[in-house]
1. Stretch residue 57-residue 81 to full length: gain in nm at 0.36 nm per residue minus the Cα-Cα span?
2. Mind listing the long-range amide H neighbours of residue 45? Cut-off is under 5 Å, sequence gap 5 or more, other chains count too, H placed in the peptide plane at 1.01 Å from N.
3. Using only the Cα atoms of segment 24-83, build the gyration tensor, take square roots of its eigenvalues as a ≥ b ≥ c, and label the shape rounded, prolate or oblate: rounded if a/c is under 1.5, else prolate if a/b is larger than b/c, else oblate.
4. Across segment 55-65, in residue order, what do the Karplus-derived ³J(HN,Hα) couplings come to in whole Hz, using 6.51 cos²θ - 1.76 cosθ + 1.60 with θ = phi - 60° and x for Gly and Pro?
5. Between residue 53 and residues 5 or more places away or on another chain, which pairs have amide H atoms under 5 Å apart, with H built 1.01 Å from N, and which residues are they?
Amino acid sequence: MTPHRYRETSVAKRSQPFFATSKPNWRKSHHSAQGADCIEVADIAGRCAVRDSKDPKGPTLALTPSTWAALLSQIKSGGHDLA
């Protein structure tokens, strides 16, 4: 099977080839409370994959490591209203 290339701007779903190369090791922050609104992240094919922990079969957003780092920095500095 030939690995498929990922398009930066698309949202990958489990049925798409994005997951064909490996089984993701999804993880959630240890700061997350049980049942809280959380996301899970995984390293997949050199991308930072992000999904809603309450909907693991739902859409997955894949970001470059630099884009993920920038988003985290903006969130930590209060750049996004997460209330």
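Read-outs: derived from the displayed coordinates by stated rules, not from any lab. This is a predicted model, so every value here is computed, not measured.
1. Separation in residues times 0.36 nm, less the Cα-Cα distance, equals 6.0 nm.
2. It is none; the list stays empty.
3. oblate
4. The phi angles translate into 9, x, 9, x, x, 10, 9, 10, 10, 5, x Hz.
5. Answer set, sorted by chain and number: 38, 39, 40.
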